[in-house]
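Everything on this sheet refers to the single structure shown next.
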Ligand SMILES: C[S@@+](CC[C@H](N)C(=O)[O-])C[C@H]1O[C@@H](n2cnc3c(N)ncnc32)[C@H](O)[C@@H]1O
């Protein structure tokens with residue numbers, strides 16, 4: 001990698017308010033394909049992951065709205081944001097009163113983006129940069145998972161891991177804009193929000209993001 005992930009994130013994004021959660025600001029990009037190409041060049045990896053971290057996804061936007069409306073869901077609790085991307089959900093949880101927040105993502109650029117975004121919002125967040133899905137769920141009160149059901153393999157692993165967490169008495173909140181691999185039969189809907197994303201990522205700019213408990 002020619003530059004640090006932090007410098008790369010800063011070069012390719014702009015700090016701006018989050019649609020529907022204007023009190024939060026994130027380092028976001030406008031276009032996905034040129035940035036993905038830049039990631040491929042930077043990493044020398046033609047198979048590099050999409051720059052998920054440079055966008056606020058429908059599931060995370062819905063969870064963020066839910067936590068703002070229902071701070072009691074996180075107040076005084078230790079939360080774990082799985083597949084954190086930009087850090088949006090972990091930041092929303094801290095702003096809503098979580099006692100401690102950990103954000104997990106496998107992507108080095110996401111880890112850098114989470115740190116930058118946490119600082120921009122005055123939120124203290126621990127970052128875990130590894131695949132935790134083969135590990136036992138952490139010692140927390142609540143797992144938050146925003147938009148993690150977009151790929152069959154990942155979706156199955158996330159669902160199994162959340163079941164294990166529930167089995168250990170850890171609560172789980174899921175945010176999702178209608179992805180096909182969401183295990184809808186295992187979920188109970190708590191709220192629905194119109195969320196504004198971008199046609200760079202979705203078929204429609206306005207989607208319905210739903211929040212569920214497992
Ligand atoms: C669609 S993004 C959602 C980001 C954020 N939660 C939101 O809603 O804006 C999914 C994220 O999951 C991350 N991810 C994929 N596999 C993962 C794994 N095994 N463990 C942790 N994160 C993972 C990706 O790197 C990506 O940042």
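As a summary of the residue check, residue 102 satisfies the conditions (1) closer than 21 Å to residue 175 by Cα; (2) near the ligand (Cβ under 9 Å from one of its atoms); (3) surrounded by fewer than 24 Cβ atoms within 10 Å (Cβ to Cβ) except for the one numbered (2).
Considering every residue within region 141-154, establish whether at least one is exposed (fewer than 15 other Cβ atoms within 10 Å of the Cβ), within 13 Å of the ligand (Cβ to nearest atom) and closer than 18 Å to residue 79 by Cβ. Taking every residue of region 141-154 in turn, none turns out to be exposed (fewer than 15 other Cβ atoms within 10 Å of the Cβ), within 13 Å of the ligand (Cβ to nearest atom) and closer than 18 Å to residue 79 by Cβ. Residues of region 148-172 that are over 20 Å from residue 96 (Cα atoms), in a loop (DSSP other than H, G, I, E, B) and touching a strand residue (DSSP E or B) at 6+ places or on another chain (Cβ under 8 Å): 148, 149. Screening region 72-122 for residues that are under 15 Å from the mean Cα position of the chain (by Cα) and part of a strand (DSSP E or B) and picking the one that is farthest from residue 54 (Cα to Cα) gives 79.
I'd like to verify a number: residues in region 123-136 that are surrounded by fewer than 21 Cβ atoms within 10 Å (Cβ to Cβ), in a loop (DSSP other than H, G, I, E, B) and in contact (Cβ under 8 Å) with a residue 24 or more places away in the chain, how many?
Here the count works out to 8.
Does region 195-203 include one or more residues that are more than 24 Å from residue 135 (Cβ to Cβ) and free of Cβ contacts under 8 Å to residues at least 60 places away in the same chain? It would help to see each step written out before you state the result.
The first filter runs over region 195-203 and keeps only residues more than 24 Å from residue 135 (Cβ to Cβ), leaving 195-203.
From the residues that got through so far, the ones that are free of Cβ contacts under 8 Å to residues at least 60 places away in the same chain too are 199, 203.
The answer is yes; a qualifying residue exists.
Values quoted throughout were computed directly from the atomic coordinates according to the rules given, and no laboratory measurement underlies them. Because the structure is predicted, anything quoted here is derived from the model rather than measured. Heads up, the Cβs are rebuilt from the backbone with ideal geometry, glycines too, and the neighbour counts pull from every protein chain shown.
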